[in-house]
Each structure stands twice: as C-alpha cells, then as structure tokens.
Amino acid sequence: MSNKICQNIVILGGGTAGWMTANLMAVQWHDQITSKQLSITLIESPDIGVIGVGEGSTPQLKTFFDKIGVQEKDWMPECNATYKNGILFKNWSNRDGFDSYFHPFVSIIDAHTAPAFVHNTLFKRQGYDIDSTVDHFFLSATLAKQQKSPIGNENFPFDIGYGYHFDAVLLGKYLSKVAITRGVNHVSATVRDVSLDKAGNIEHLTLDNNKKVSADLFVDCTGFASVLLQKNLQVPFISFKENLFNDRAVTIATPHATNDKLNSQTISTAMKYGWAWDIPLTNRTGNGYVYSSDFCTPEQAESELREKLGLIDNKIKANHLKMKVGRVEKHWHKNCVAIGLSQGFIEPLEATALHFVQETIEGFIDAYSLQNVGQTTQELFNKKMNARFDGIRDYIVAHYRLSDRSDTEYWRLNSENPNISNNLKKIVQCWLNGDDLNKALVQPDMVSFYPPVSWHALLAGYGFSPAANDKLAYNAQAHKYDLAHIDQFIRRSAMNFTDHKNFLATINNS
Ligand SMILES: Cc1cc2nc3c(=O)[nH]c(=O)nc-3n(C[C@H](O)[C@H](O)[C@H](O)COP(=O)(O)OP(=O)(O)OC[C@H]3O[C@@H](n4cnc5c(N)ncnc54)[C@H](O)[C@@H]3O)c2cc1C
C-alpha cells in the first residue's frame, strides 16, 4: 500500500454514501485535484437504482454541510428538507405514565437543565418519588412539542443542536451537482466484472460498455449489494439478526393537509412486529414500517401501516424493501474501503446510517492521509469502525430488550432475548442498582457511541426503574431541582423560536 495520496480514486455507487464521500474527499484534497495530481471518479449504474429511503439525520449532518461549505438556504429547499429537534417514541412502553418519551438533540443551553435530569433519574432509581421525565428538561423537547424550528431569532445567544429530514433521492442529486462542480468525474455505467491482481487487490473494473477502469483506491458505495468488498474481495458479513430481528420495511408517502402545522420531530411508533416512522418533509410526510419477516408477511405489515395511516381503502402505492442488518468484518481491505450500506447497516430506528457514513469517510481520510499507511493503520481503522457499529447496535438493541410490550410473539421474544452484549448487560445492571450511569458508560467506552443523556433518556423514558419506595418519597423534595424554574427557563428560551412551517417558508423564498 502506498504512503501518500494516490493518483486515482474510483467511488463505485451514486447513492447518498457515494456522493457524501465524493464531496468530503473533493474538499479535503481540493489542491491535489486542481493541480491534477489526483483524480476522483464516481461510477453509478443508470439501471440499478439507489435505495431511496433514509430521510432523517442526527445533528452530525450539519457538520457535513459546514465542512463542504454548503448553506441551508441552498440545499434545504431543493431537498424539501425540514428541521428535526429529536425523536418522539410512542407506545414502546406499557408502563403506567410512560406511553411516550422524547429523545432530544442536546444543545449548549441544556447545560442548565441536563444535570438536573440526570440527577433526578439517579434519585428516582434509588426509590425517591421525583420527576425524571426527559421531556421536562430539554429545550428541543419543548420546540418539538410546539412545532417550532430550532433556529433562534437573530440575537439568540446560543447555537442549538438539530438534525434534518429530507428527500433522500433529491439529497443525492443535490450532492452530485456540488461534487461535479468541484472536479469529481461522473460516469454512468454498470460494473459487470471486477479483476483482482496476484496480491488480491482490485486491479480494474469492467463496465457494461467494455471499458476497463483502474485505480489505486476503490471505494465501495454499492449499497447492500457490496459489489467490491463483500462480493469480490470476499470480506465476511456478520449478521446482527440474533438481537436485531427487523429485516424489512414498507413505506408509503402521504400528502399534508393544507392547514397542517409542520412537525419538527420524527415520530417513531411501536407496532405489532416492529415500529413505524413519521417524517415531515415540506411537501409530504414519509411513513414507513420496519418489521421482522419472521413474525409477519409483507401484506400484513402493509395492512397494519395502512390502518395506522387511515389508508385501508386507499390505492396509494406502498414500496417494500429488504434490509441486511449487521456489519462487515473489515471495512477497509486491500485497496478497497466500503462506505454506506455496503459496510453494514444498523436498522434505522435512530437514523444513524448517514452519521456513520460521515464518520467512516472522515476516519478513512485521516488514516489515509498518514505518512505511512500500512497494515497497522488499516487494522486500527477497522477496529474503530467495528467498535462503533457494535456500540450503536447496543443502544438500538436496548429499545427492544427493555420494552415491556407483550402483545405479540415478536415483543415477547425481544424482551426475553438473552443475546445481548456484556456492555449492555452492565449498563442495565448499573441502572437497576441505582448506581451512577455516567461512570458505567465511560468504562468500557460507550460514551463515544451514544452520549449519556441519550441512555438516560431511553431508560427513564421507558419508566424502566426499580419500584418507588414510599419511605423515601417525603425526602424527594429535598433532592428536587426547582422544576417550575426549569420549565420557565425552557419555555422562555423557546419563545425566541419561530413556527417551523413559517420559518421554512422564509428559507424557501430567500
Ligand atoms: C428502511 C430504511 C430506512 C432508512 N432510514 C434512514 C434514516 O432515517 N436515516 C439514515 O441516516 N439512514 C437511513 N437509512 C439508510 C440510508 O438509506 C442509507 O445509508 C443511504 O441511503 C446510503 O445508501 P448507499 O449510498 O450506501 O446505497 P444505495 O442508495 O443503495 O446506492 C447504491 C449505489 O450503487 C450503485 N451500484 C450498485 N451496483 C452497481 C454496479 N454493479 N455498477 C455500478 N453501480 C452500482 C447504484 O446504482 C447506486 O447508485 C435507511 C435504510 C433503510 C433500508
């Protein structure tokens, strides 16, 4: 393997992962591209479509646009995008008073209230009767509830953490335009054959027009097909099926009613055999049901989703998808790195896939830019990616394992599932023992994958606590933060934010 930036990079695949890779590389290696020392070519098939879903993000996507120097007023209107303050989880818990909770995106301003939330969850677990409802402590929860955008009025003194909702197909198209103007070559062709050299590196690709394309580095962004890394370099895939049962999805887009206010949150509703998303775009709502084919048929899933949407007799088209949940053993192997669905996928419950795409590209660029890229660099990169995948998986698994729903075999088997990692077992044990969860998340390093507030929000949001202790109730007041003050503080801050729909209209018209 060479130790300097190579001369030719080929990205195979033009989904969101392919175009995000092209953009970040084009920015990072701008000088080499302009001086013709480096060429980046993206090849995408005109016949094999993109997956076309993936409409929600974490706040990480904002840093992606910042890095590539693209402003919201430019990309959001073209992708029918809206703001996302977090995710509202509905019907995941049967516990009294816990039929929904909000997973907030945290901002600097929450530094005033988050410690109170964490503090209260600790006392709650020790048996005190105390408010540990996540929604009462975070600005984003209030903004979401009031359908406000997370953009403060001009003189609002804090930055707010937020993500986006967008049309996945339009986002790919938008990113392709940006990358091409920055010097990325675009080839529309299908790869029919892949040739390896004696050392097992990819030598060249043969396109359907019989052209051969060689490169120093190949980036596999071919989605679940993983044409280069899994199919040709034979890197094994490790399935997460034993603790993440969902392997399919059905989607239906619905129009907004004209006078509807626009949500600034994703809604995730637990269903009989999985969960359904509700994602607001400026022109429509994206709906989808992620389920396990071991427990219901595609027809049953579609009909349950239609019933939820009030579309039983409506002929509006549904789209059925298969998902391959798990990760590859090595993300970077020989002269090929896989990015996106080709490297793996943890189901979309927390919309982490594009966040992962970005971290893979950035981690790869850092590693690849080192003076001496060798076996050790690759191994370290692969180890990091695997740890990230497994850490995020544990957080997602917790949503199923800790639910007390028992209405179907699907939920019963999820809540009894013995196949959970030791890290997750430790977290659950710590929570139930009434110990300090922040400490438990640091060792082993689980905080790098999901922040402590997210774990607290999930566990408290499910009402997953030891039983309240009557004797301690009278003491609760002594340990209680001034909730009226917190509430006032959050509400006062929220007043500086405008209605979500109106704010987006100003962007669309600017
Ligand atoms: C149900 C579902 C919901 C999801 N929700 C979210 C979400 O809310 N948030 C989120 O971040 N992510 C989500 N994801 C994941 C997200 O959709 C993907 O991470 C994202 O779209 C990137 O996909 P991709 O680019 O890796 O693959 P794809 O979009 O599948 O692109 C593959 C590309 O490879 C090309 N290709 C394949 N084979 C060949 C060949 N032989 N020759 C040439 N080209 C080829 C295709 O033409 C295409 O351009 C979701 C996924 C699913 C399944």
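A few points about this structure:
- Computed in the context of the full set of protein chains, the accessible area of region 350-462 at 1.4 Å probe radius has 52% of its extent on carbon or sulfur.
- The chain: angle of helix 422-433 to the longest principal axis, Cα-based, in degrees nearest 10: 10
- The long axis of helix 500-509 is offset from the longest Cα principal axis of the chain by roughly 30 degrees.
- Compactness of region 1-84 as Cα Rg over 2.2 N^0.38 Å, two decimals: 1.27
- For region 443-502 versus region 45-102, the gap between their alpha-carbon centres in whole angstrom: 23
- Of the cross-linked pairs 231/330; 73/173; 241/324; 84/148; 177/211; 198/383, those separated by over 18 Å at the C-alpha level are 177/211; 198/383.
- Around the Cα centre of region 80-126, unit charges on the Cβ atoms of Lys, Arg, Asp and Glu (plus for the first two, minus for the last two) sum to a dipole of about 100 debye.
- Accessible area of region 1-113 belonging to carbon and sulfur atoms, whole % at 1.4 Å probe: 47
- Each of residue 7 and residue 308 was given a label point 7 Å from its Cα along the Cα-to-Cβ line. The distance between the two points is 5.4 nm.
- Relative to the longest principal axis of the Cα atoms of the chain, the long axis of helix 114-125 lies at roughly 60 degrees.
- Approximate spin-label separation residue 94-residue 299, in nm, with each point projected 7 Å along Cα-to-Cβ: 2.9
- With all protein chains modelled, accessible area of residue 139 [1.4 Å, Å²]: 10
- Using a cutoff of 8 angstrom between alpha carbon atoms and counting only pairs six or more residues apart, the relative contact order for region 138-214 works out to 14 percent.
- Euclidean distance between Cα centres, region 350-386 to region 260-332, Å: 31
- The length gained on full extension between residue 383 and residue 212, counted as 0.36 nm times the residue separation minus their Cα-Cα distance, comes to 58.3 nm.
- Gain in span if fully extended, residue 439 to residue 474, counting 0.36 nm per residue against the direct Cα distance: 9.8 nm
- Cβ-derived FRET efficiency at R0 25 Å, residue 239 paired with residue 372, nearest 0.05: 0.10
- Once exposed loop GluC sites (Glu not before Pro) are cut out (DSSP; at most 15 other Cβ, 10 Å), longest piece of the chain: 330-510
- Convex hull of region 123-250 built on C-alpha atoms - directionally averaged projected area, nm²: 16.4
- Nearest-20 debye value, region 1-68 charge dipole, Cβ charges on Lys, Arg, Asp, Glu: 280
- Averaging the sequence gap over all C-alpha pairs within less than 8 Å and six or more residues apart, then dividing by the number of residues, gives the chain a relative contact order of 25 percent.
- Directionally averaged shadow of the chain, computed from the convex hull of its alpha-carbon atoms, nm²: 25.2
- Backbone N within region 141-172 under 20 Å of label point (7 Å from residue 447 Cα along the Cβ vector): 161
- Here each label is just a point 7 Å from Cα along the line to Cβ, and for residue 509 and residue 67 those points are 3.6 nm apart.
- Taking only the C-alpha atoms of region 48-88, Rg followed by Dmax gives 11.8, 34 Å.
- Zero-based 10 Å bins, Cα pair distances in region 63-206, whole percents: 9, 25, 24, 18, 13, 10, 2
- Rounded accessible area per residue of the chain, 1.4 Å, Å²: 43
- Accessible area of residue 51 (1.4 Å probe, protein heavy atoms only, ligands and nucleic acids ignored): about 70 Å².
- Length, then width, then depth: along the principal axes, the Cα atoms of region 236-376 run 61, 36, 21 Å.
The values are calculated or read from the model by the stated rules, or taken from the named source; none is laboratory data. As the structure is a computational prediction, the values presented were derived from the model and not from experiment. Please note: Cβ atoms are built from the backbone with ideal geometry, for glycine as well, and neighbour counts cover all protein chains shown. Only protein heavy atoms, including side chains, enter the accessible area calculation; ligands, DNA and RNA are left aside. Shrake-Rupley method; radii C 1.70, N 1.55, O 1.52, S 1.80 Å.
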